[in-house]
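To start, the structure under review is shown below, and the notes come after it.
The values are calculated or read from the model by the stated rules, or taken from the named source; none is laboratory data. The shown structure was predicted, so the numbers you read here are calculated from the model rather than taken from an experiment. Because the Cβ atoms are built from the backbone with ideal geometry, glycine has one as well, and the counts that use them run over all protein chains shown.
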Amino acid sequence: MKKNTIIAITSIIVLIILVAFIFTTLPFTPTQQEYTSTTPTITQTITTTTTTTTLIETTTTITPITTTTVTTTTTSKQEIEQEHILYKKILVGVAYHALENTPESWRKDLLLMRDLGFNTIRIFYVAPSNIVLSSPYGLKYKYDKLEQFLSLACEMNFSVIVTIHYTLPDWMWERGFVMEDQNGELLPTSFPNIFNPKVRSFIETFFEKTVNVTKNYGCIVAYNIVNEPHYPENMYWGNRLADYSSYAIDAFIEWARNKYGIDISPDEIPRPRSDVWTTWSLSREFITKWILWRQFHIEALSNFTQDLAEIVRSIDPGKPIIINIMPWWLWSQGAYSSTSPYYSYNPADIMGLDIYPIETTSEWITLSYDIMMSIHPDKEIALMEINCKDGYPSEEQILRWISAALQYGAKAIIWFEWDDMFHYMDGGYYGLVDPYKQPKQQYYKLKKVLALLNHLEDYLVDIGKYYRSYKYDAGVIYSEYNNLFIVSDWIWARSYLYACTTISYTLGYKPYFIYDGITVNGFTNEIPWSLPVIFAPATYFVSNKTMSYLLKYVENGGVLIADAFFAKWIINGDQKVFQKLFGVTRTGKYIMHNPMDYSTEHTLGIVSIALGNKTYRLVLGPDFDYINVTSNDVEALGAYHGHPVVTIKKYGKGYAVYIATSLRHSWRNIYWKEFLESLLLKLGCNNRSYFPEILFMLREKHSRILYMEPGTDKYNELVALIDNVYRELDLLLQENKSLESILLLLNK
């Protein structure tokens, strides 16, 4: 090689080293595109023993730039109030991917939202994955686009709910940063490892920086902390149970030792290969460890969201915190997903529900709200996401869902979502507009429904307030142990749902859900001993502590009605208390059918049951528990293959009733309703408000309007009837009078 060439190469290398030295020693000034915010910075390093990835945040001072303002027609607050449906009292809006949409599309989108009747935008969502960038100079936090959108939303007089999520950037998808399943496989970055203190610190710092930006915008009315905080669901992630990382295991071992004095080695932690409990070996030792393992994760996730909520409150005080979860976590998958109506909502001021019902009649919404309000009576509620899984709900479904939420006191109704750009999330085409920003059919459906509900605004809001404060007529056992062991087994979940609809809509009781929560020793909310009746439907797993409560309740004069699934497995107990209470023993033989098959109505036949002066011919099945009477003071009603269908035992001052089939069947059978009403009358606990039944019937009347031609005599008559019912209901509630007369009006 020639000498000149060597000298030239050497000079270039020296120059490169010199430039690198200058850039690494002088303060780094970002370009306009790189700017994010003037919020303070915190030095932080995230490392793991298995990787060499290092995340270093720069500590240099960043000079703010002037953000570009999107021009729009200024509209006064008063003008907006006149245009908006339910504006004065309810937040009605939509989830919007503001950061993923372009600034050029924002104005058009917001004008379309206003035309539809929305007054609120839920920014879905702000997270490290769309804010934090990695560069050779450290982490960059880009908030300029968020601030630009907030300026526009405030200018156009929209209320804004900011969802701050914890999804990590893809470049953090490494062992130690995200959760690991029971097989040691990593989960996506939407499931960060909250037990790694460096990851936790990174997320907390992100929340601090974000709220220091958003606190300056007056149109922000609430913060939604972590969209649906949970662990993986089996329906999307297969049989992946998390978190089995070394960080989680170490934290669990310490937690079990400190809280319960139990020493567990890493090898003793349950690692079932399937989430179907019937494939497990349900030994007492396994059950204890499984309860501990899931309770630990439920508490840990709740404590983490609590920490994040406190960060937000400390920086932007006075703004309510919303936590939103899915209803099927209440009915079936809660403990498995590390969610709980008690623990998940602890950090919240407002309890949010995200619902994509497969049924039409809104049971999931109202019964979920009843559970939430029973456990947290002092917290407000909101419908944070609503749509069908396919994104094409009917007008009737939309009307029922929104009516139900308002009747039960929801403070916000948020549609999911605005456009179809992100339909890939779980296969649904949820958008009100298509990717080209053209309104779809559901845009006009929703607009029609909101217009229809407009004249009922005051009634609906007032009824919601009354319902929250109205007395409870009956108790319902809510077992979180069912969620823990049944997991995705919908047999009992469906049975429980239909049984609860029987109690609320068919019999007319306002239910108080008695929470049988997951702990080794059992945990429950306060049982109102004055309740005339407690139902225990589809409660296969129940704690010994709750059984003791029920024994005391019946002994003191209460009435307990249980069905064929009740207390098959008593945590930390045995069947002796069941036998003592009901005066029957189980033979071990039972018939059970999967209710997911809706194509055929399955029954075991018809049985005759005499009660009082009447004989009821009841459809039986498809579930039946073969029991034998063991006490002389048990009254047996009806028989199937020589075994009683219903038993009544006097215990202390009260009664324990066992129905050897599922209560869910009475929802579809008018004769079961009549039989249950006669049974309740016989036992002296037939007094009920009919409040849930009345609200259900009103939703039926709402939906009938959709199928009538506006302006016709029948249309006007029905609208007048609905107005009259709401007016009469309002007066009766104000005067604390019986609501039974409302049923006569509704049956006209």
Item to complete: Residues that are touching a residue at least 40 places away in the same chain (Cβ under 8 Å) and in the same structural domain as residue 536 (by TED's automatic domain parsing): find the helices (runs of 4 or more DSSP H) completely inside the range 662-748 holding 3 or more of those.
Response: 670-682
Response to the item:
(1) modelled with pLDDT of 90 or more; (2) farther than 30 Å from residue 392 by Cβ; (3) surrounded by fewer than 17 Cβ atoms within 10 Å (Cβ to Cβ); (4) not hydroxyl-bearing (Ser, Thr, Tyr) all hold for residue 473 apart from (3)
Worksheet item: Considering the range 184-235 alone, what residues qualify as being of a type in the set (A, V, I, L, M), modelled with pLDDT of 95 or more and either surrounded by 18 or more Cβ atoms within 10 Å (Cβ to Cβ) or part of a loop (DSSP other than H, G, I, E, B) (or both)?
Response: 194, 199, 203, 211, 213, 220, 222, 225, 226
Worksheet item: Would it be correct to say that residue 616 is part of a strand (DSSP E or B), closer than 24 Å to residue 475 by Cβ and touching a helix residue (DSSP H, G or I) at 6+ places or on another chain (Cβ under 8 Å)?
Response: no
Response to the item:
Scanning the range 381-421 residue by residue, those under 18 Å from the mean Cα position of the chain (by Cα) and basic (Lys, Arg) turn out to be 389, 411
Response to the item:
Condition set aromatic (Phe, Trp, Tyr) and at pLDDT 95 or above, scope the range 72-117, selection surrounded by the fewest Cβ atoms within 10 Å (Cβ to Cβ): answer is 106
Fill in: Single unsatisfied condition, residue 373 versus (1) of a type outside the set (Val, Ile, Thr); (2) in contact with a Phe, Trp or Tyr (Cβ under 6 Å, 6 or more places away or on another chain); (3) closer than 28 Å to residue 474 by Cβ
(2)
Worksheet item: Can you tell which of 406, 450 is surrounded by fewer than 24 Cβ atoms within 10 Å (Cβ to Cβ) and modelled with pLDDT of 85 or more?
Response: 450
Worksheet item: Taking into account only those residues within the range 710-724 that are under 37 Å from the mean Cα position of the chain (by Cα) and of a type outside the set (Phe, Trp, Tyr), which is surrounded by the most Cβ atoms within 10 Å (Cβ to Cβ)?
Response: 722
Worksheet entry | Qualifying positions in the range 573-613 - modelled with pLDDT of 85 or more, assigned to a strand (DSSP E or B) and under 30 Å from residue 288 (Cβ atoms) | 584, 585, 586, 587, 588, 589
Worksheet item: Could we say that residue 503 is modelled with pLDDT of 90 or more and part of a helix (DSSP H, G or I) here?
Response: yes
Practice prompt. Among residues belonging to the range 560-572 that are surrounded by 24 or more Cβ atoms within 10 Å (Cβ to Cβ) and either outside any loop (DSSP other than H, G, I, E, B) or among the hydroxyl-bearing types (Ser, Thr, Tyr) (or both), point out the one that is modelled with the lowest pLDDT.
Written response: 571
Discussion item. Please go through (1) part of a strand (DSSP E or B); (2) under 25 Å from residue 680 (Cα atoms) for residue 550 and return the number of the only condition it doesn't satisfy.
Written reply: (1)
Practice prompt. Could you tell me whether residue 444 is part of a helix (DSSP H, G or I), without any contact (Cβ under 8 Å) to a residue 60 or more places away in the chain and of a type outside the set (A, V, I, L, M, F, W, C)?
Written response: yes
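Each row is one residue, and each column tells you yes or no for (1) under 21 Å from residue 320 (Cβ atoms); (2) in a strand (DSSP E or B).
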site: 373; (1), (2): yes, no
site: 377; (1), (2): yes, no
site: 384; (1), (2): yes, yes
site: 393; (1), (2): no, no
site: 399; (1), (2): no, no
site: 406; (1), (2): yes, no
site: 411; (1), (2): yes, yes
site: 414; (1), (2): yes, yes
Worksheet item: In the range 144-167, how many are under 21 Å from the mean Cα position of the chain (by Cα) and polar (S, T, N, Q)?
Response: 2
Worksheet item: Could you list, in sequence order, the residues of the range 321-340 that are assigned to a loop (DSSP other than H, G, I, E, B), in contact with a helix residue (DSSP H, G or I) (Cβ under 6 Å, 6 or more places away or on another chain) and crowded, with 24+ Cβ neighbours inside 10 Å?
Response: 334, 335, 337, 338, 339, 340
